[in-house]
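Undergrad: Quick one: the structure is below, and I'll ask about it shortly.
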Amino acid sequence: MEKFIINGGKPLVGEVRISGAKNAAVAIIPASILAGGTCIIDNVPMISDVEVALEILSTMGAVIHRLEKNKIEIDTSGINDSKVPYELARSTRGSSYFLGALLGRFKKASVPLPGGCDIGSRPIDQHIKCFEALGATVNISQGIVDAQADRLIGTQIYFDKVTVGGTINALLACCQADGLTIIENAAKEPHIVDLANFLNSMGADIMGAGTDVIKIKGVHSMHGAEYSVIPDQIEAGTFMVATAATGGNVLLKNVIPKHLEPITVKLRKIGVTVEIEDDVDNMRVIGAKRYHGTDIKTEPHPGFPTDMQPQMTTLLSMCEGTSMVTESIFETRFKYVEELRRMNADITVDSRVAVVKGVDKLMGAPVKACDLRAGAALIIAGLCAEGTTEIEDIHHIERGYEEMEVKLRGLGADIVKRYFPDDKDMRKAL
Ligand code: EPU
């Protein structure tokens, strides 16, 4: 078992380059199926969720070459299978995007129900409603979603709820449908726009991505393209909060400041300095000794992102006064609070609301990452805490952050990844 060992108390100082966006990459990789040719994709983060998406593609017959560390070539012309293997699908949420992409190209798809972070019930009823509206028949049996259609016909799709995954699957399925599709109440996250831009570069005709009404004129065929993934909004936000929490001074490179506005606004409100240079993809965060708390409510973009809630709650746990954090997207995204309490945080959770009373300092402790962003929050806590923090189950963190500990060490943090033989290893050795 691998753990992060952190000796806290060092401010983060220096420069860090933000990687490509996980949630854009895990949609763009399956989207390459629609090209039926070769795509070159740059700024791809090397994280385990991306590795899984690439493995799914290659088991289906795609040919993949790594051109550089973060640049890959994918040839999907030889895909001869529309089934995604169970073992791969169950580990990530992004595996559900193979449904839309395979249905769009082959008019049939067989994909196990997706996995991903355990942060609440994560149904896919809206995805299915959209495939059915386009004319597909969808059956779910023994955890496998089977979708097929003779042809897909453009239509009007109204999502009952704003859904990132549902909007992505709708875009993938309807690019090559006959006629016009209008998606209403669409998600507006930066990675929705990035996916639409990628699809357009492959010949799709999509307008309005980034607003809540997206119009897609079906095209007869699509082709390969070269594309670069946008920088990761949540990785950047995590480094912003970590810098603020440790009272550091960090220049974040390769960011899109506009995407970070909901985070910047809250950080400025509590007393953090955030400097943005016009026309440059850089941003400087300068921390202070003390901050005053504030209230946060997570909402779909452009609201405060749920994927930043655990990191921000950790920072608020060290701010003066009481802050209220309301989680309105996922019902069980406060599981990590128990771990923060072991580190001296004073937080109580009642259903979707956490009441965070600021403490003078956090104390190092052995803790467990229960999901990706929870793990990032515990790293931030460990960087600030007095003494040593040991974080278990770091595979969750490695699903979505590229070389997190290496980047943090580059900023002066005392963090290492260490291997500890677990009970299974011990039994093997006997
Ligand atoms: N929902 C439904 N029915 C559906 C789809 C969603 O009821 O058919 C509900 C969900 O239960 C949830 C809400 O709608 O309450 C929003 O879910 P959404 O579909 O937007 O989330 P997702 O597509 O499952 C993506 C990201 C998450 C991120 C959310 C919200 C990917 C691979 N995952 O999940 O990312 O939290 O959008 O922004 O893009 C993460 O990166 O740590 C992460 C969990």
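Undergrad: Output the residue which, of all residues in segment 167-185 that are open to solvent by less than 20 Å² (accessible area, probe 1.4 Å) and in a strand (DSSP E or B), is nearest to residue 35 (Cα to Cα).
TA: That would be 181.
Undergrad: Of everything in segment 137-166, what is open to solvent by 10 Å² or more (accessible area, probe 1.4 Å), among the small types (Gly, Ala, Ser) and either modelled with pLDDT of 95 or more or within 18 Å of residue 92 (Cα to Cα) (or both)? Give them in sequence order.
TA: Within segment 137-166, 143, 149, 154, 165 meet the criteria.
Undergrad: Here is a follow-up. Which pairs do you get when a residue that is of a type in the set (Gly, Ala, Ser), found in segment 394-420, comes within reach of a residue that is in a loop (DSSP other than H, G, I, E, B), reach meaning Cβ atoms under 6 angstrom, with the pair 6+ apart or on two chains?
TA: Once the first residue is of a type in the set (Gly, Ala, Ser) and sits in segment 394-420, its partners that are in a loop (DSSP other than H, G, I, E, B) give 400/47; 412/10; 413/10.
Undergrad: Among the listed residues 290, 268, 284, identify the single one that is part of a loop (DSSP other than H, G, I, E, B), surrounded by fewer than 21 Cβ atoms within 10 Å (Cβ to Cβ) and not assigned by TED's automatic domain parsing to the domain that holds residue 182.
TA: Answer to the selection: 290.
Undergrad: Moving on. Quick one: which of 326, 298, 322, 348 is touching a Pro at 6+ places or on another chain (Cβ under 7 Å), assigned by TED's automatic domain parsing to the domain that holds residue 400 and farther than 22 Å from residue 12 by Cα? Please lay out each step first, then the result.
TA: Numbers: 326 fails: touching a Pro at 6+ places or on another chain (Cβ under 7 Å); 322 fails: touching a Pro at 6+ places or on another chain (Cβ under 7 Å); 348 fails: touching a Pro at 6+ places or on another chain (Cβ under 7 Å).
Being touching a Pro at 6+ places or on another chain (Cβ under 7 Å), assigned by TED's automatic domain parsing to the domain that holds residue 400 and farther than 22 Å from residue 12 by Cα holds for just one of 326, 298, 322, 348, which is 298.
Undergrad: OK, next. Could you pull out the residue among 307, 278 that is out of contact with any His (no Cβ under 8 Å at 6 or more places or on another chain) and without any contact (Cβ under 8 Å) to a residue 24 or more places away in the chain?
TA: Answer to the selection: 278.
Undergrad: While we're on this one: Taking the conditions exactly as written (of a type in the set (Ser, Thr, Tyr), surrounded by 23 or more Cβ atoms within 10 Å (Cβ to Cβ) and within 16 Å of the ligand (Cβ to nearest atom)), does residue 238 satisfy them or not?
TA: Yes, satisfied.
Undergrad: Here's another thing I want to ask about it. Confirm whether residue 21 is open to solvent by less than 30 Å² (accessible area, probe 1.4 Å) and either more than 30 Å from residue 414 (Cα to Cα) or modelled with pLDDT under 95 (or both).
TA: Answer is no for this residue.
Undergrad: Evaluate segment 396-405: report whether one residue or more is closer than 23 Å to residue 249 by Cβ, surrounded by fewer than 18 Cβ atoms within 10 Å (Cβ to Cβ) and under 20 Å from the mean Cα position of the chain (by Cα).
TA: yes
Undergrad: Can you pull out every residue in segment 313-330 that is of a type in the set (A, V, I, L, M), open to solvent by 10 Å² or more (accessible area, probe 1.4 Å) and closer than 15 Å to residue 289 by Cβ?
TA: Residue satisfying the conditions is 318 alone.
This table checks each residue for (1) under 19 Å from the mean Cα position of the chain (by Cα); (2) aliphatic (A, V, I, L, M).
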{"position": "53", "(1), (2)": "yes, yes"}
{"position": "72", "(1), (2)": "no, yes"}
{"position": "78", "(1), (2)": "no, no"}
{"position": "110", "(1), (2)": "no, no"}
{"position": "132", "(1), (2)": "no, no"}
{"position": "135", "(1), (2)": "no, no"}
{"position": "146", "(1), (2)": "no, no"}
{"position": "153", "(1), (2)": "no, yes"}
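Undergrad: Within segment 247-262, track down each residue that is touching a residue at least 40 places away in the same chain (Cβ under 8 Å) and surrounded by fewer than 23 Cβ atoms within 10 Å (Cβ to Cβ).
TA: Answer for segment 247-262, where residues must be touching a residue at least 40 places away in the same chain (Cβ under 8 Å) and surrounded by fewer than 23 Cβ atoms within 10 Å (Cβ to Cβ): 247, 248, 249, 251, 253, 254, 256, 261, 262.
Undergrad: Report yes if residue 76 is more than 16 Å from the ligand (Cβ to nearest atom), open to solvent by 10 Å² or more (accessible area, probe 1.4 Å) and either in contact with a Phe, Trp or Tyr (Cβ under 9 Å, 6 or more places away or on another chain) or β-branched (Val, Ile, Thr) (or both), otherwise no.
TA: Values: more than 16 Å from the ligand (Cβ to nearest atom): yes; open to solvent by 10 Å² or more (accessible area, probe 1.4 Å): no; either in contact with a Phe, Trp or Tyr (Cβ under 9 Å, 6 or more places away or on another chain) or β-branched (Val, Ile, Thr) (or both): yes.
For residue 76, the condition - more than 16 Å from the ligand (Cβ to nearest atom), open to solvent by 10 Å² or more (accessible area, probe 1.4 Å) and either in contact with a Phe, Trp or Tyr (Cβ under 9 Å, 6 or more places away or on another chain) or β-branched (Val, Ile, Thr) (or both) - is not met.
Undergrad: Of a type outside the set (A, V, I, L, M), within 16 Å of the ligand (Cβ to nearest atom) and within 27 Å of residue 283 (Cβ to Cβ) - does that describe any residue in segment 24-45?
TA: Scanning segment 24-45, I find at least one residue that is of a type outside the set (A, V, I, L, M), within 16 Å of the ligand (Cβ to nearest atom) and within 27 Å of residue 283 (Cβ to Cβ), so the answer is yes.
Undergrad: Here's something else I'd like to know. Quick one: what pairs do we get from segment 184-213, first residue within 16 Å of the ligand (Cβ to nearest atom), second part of a strand (DSSP E or B) and of a type in the set (S, T, N, Q), C-beta under 8 Å, 6+ apart or different chains?
TA: 184/156; 186/211; 188/211
Undergrad: Looking at (1) within 15 Å of the ligand (Cβ to nearest atom); (2) touching a residue at least 40 places away in the same chain (Cβ under 8 Å), can you tell me which one residue 102 breaks?
TA: Answer for residue 102: the failing condition is (1).
Undergrad: Also, quick follow-up: For segment 113-166, list the strands (runs of 3 or more DSSP E) that sit wholly inside it and hold at least 1 residues that are small (Gly, Ala, Ser) and more than 6 Å from the ligand (Cβ to nearest atom); which are they?
TA: 137-141, 144-148
Undergrad: To continue, here is another question. Testing residue 116 on (1) crowded, with 16+ Cβ neighbours inside 10 Å; (2) more than 19 Å from the chain's Cα centre (by Cα); (3) not assigned by TED's automatic domain parsing to the domain that holds residue 373, one condition comes back false. Which one is that?
TA: (2)
The values are calculated or read from the model by the stated rules, or taken from the named source; none is laboratory data. Given the structure is predicted, the values throughout are model-derived calculations rather than measurements. As a convention, Cβ positions derive from the backbone with ideal geometry for all residues, glycine included, and neighbour counts pool all protein chains shown. For accessibility, only protein heavy atoms count, side chains too; no ligands or nucleic acids. Shrake-Rupley method; radii C 1.70, N 1.55, O 1.52, S 1.80 Å.
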